[in-house]
Amino acid sequence: MLHDRSAVFRQPKTSKNRRTIALTPSTAILLRKYYDDRRPLFAGFGKSLEDSNLVFCHLDGGPLLPATMSQAWRKTATRAGLKGARLHDTRHTHATLMLKQGVNIKVVQERLGHEKAQTTVDIYSHVLPGMQEKAASDFDKMVNIAGKQAYA
């Protein structure tokens, strides 16, 4: 952001930060609905809404400043009873929930854009302790099912 409060677009810090991630089907549906709902608003300004437009922008297509999104998030989070929850906290929640579901650390690393999996492990190591026991239990179930089927 410049002193005149205009948005500045820069290249990501590393090549890993420019990435494609899979969206959940429900997210894709919500984004499509949002896009379809905004089309007439843009038309009212004599603009056409393109796939290349930013998701969150002014009705003339210009970018919103990051602080605008942060303020909107804070208001929404407060109304939802999550006072003090930052927008960036959703990134940590996403990573934590994936790890607790047993998603491979490499997949989580790629989604977060960390250059190395070790960075992800270092940041989210507090989530990992119970995962060893779950892995052992899941493996035991798999082996015992396979063993029972072999002798049936």
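Could you please let me know if Thr93 is within 30 Å of Phe9 (Cβ to Cβ), not in a loop (DSSP other than H, G, I, E, B) and not assigned by TED's automatic domain parsing to the domain that holds Ala7? Yes, satisfied. Remark: pairs (first residue in the stretch 57-78, surrounded by 12 or more Cβ atoms within 10 Å (Cβ to Cβ); second residue of a type in the set (S, T, N, Q); Cβ separation under 6 Å; 6+ apart in sequence or on different chains) = Gly61/Asn53. Scanning the stretch 109-123 for residues that are part of a helix (DSSP H, G or I) and of a type in the set (Asp, Glu) gives Glu110, Asp122. For the stretch 101-108, the criterion of being in a loop (DSSP other than H, G, I, E, B), within 30 Å of Met131 (Cβ to Cβ), modelled with pLDDT of 90 or more and not assigned by TED's automatic domain parsing to the domain that holds Pro129 is satisfied by no residue at all. Considering every residue within the stretch 19-33, establish whether at least one is closer than 26 Å to Ile123 by Cβ, touching a residue at least 24 places away in the same chain (Cβ under 8 Å), surrounded by fewer than 10 Cβ atoms within 10 Å (Cβ to Cβ) and among the β-branched types (Val, Ile, Thr). Within the stretch 19-33 (the criterion being closer than 26 Å to Ile123 by Cβ, touching a residue at least 24 places away in the same chain (Cβ under 8 Å), surrounded by fewer than 10 Cβ atoms within 10 Å (Cβ to Cβ) and among the β-branched types (Val, Ile, Thr)), the answer is yes, since at least one residue qualifies. When you scan the stretch 124-143, do you find a residue that is assigned to a helix (DSSP H, G or I) and closer than 19 Å to Ile21 by Cβ, even just one? Checked against the condition, which is being assigned to a helix (DSSP H, G or I) and closer than 19 Å to Ile21 by Cβ, the stretch 124-143 yields at least one hit. The set of residues in the stretch 5-62 that are β-branched (Val, Ile, Thr), under 30 Å from Thr119 (Cβ atoms) and not in a loop (DSSP other than H, G, I, E, B) contains only Thr27.
Condition check for Ala95 on (1) over 22 Å from Ala117 (Cβ atoms); (2) touching a Lys or Arg at 6+ places or on another chain (Cβ under 8 Å); (3) aliphatic (A, V, I, L, M): one failure, at (1). Here Leu82 meets the list (1) farther than 21 Å from Asn17 by Cα; (2) in a helix (DSSP H, G or I); (3) modelled with pLDDT of 85 or more almost entirely, failing just condition (2).
Of the residues making up the stretch 46-54, not a single one is surrounded by 12 or more Cβ atoms within 10 Å (Cβ to Cβ) and either touching a Cys at 6+ places or on another chain (Cβ under 6 Å) or touching a residue at least 60 places away in the same chain (Cβ under 8 Å) (or both).
The values are calculated or read from the model by the stated rules, or taken from the named source; none is laboratory data. If you're wondering where the values come from, they're calculated on a predicted model, not measured in any experiment. When we count neighbours, we look across all protein chains shown, and the Cβ atoms used for this are built from the backbone with ideal geometry, even at glycine.
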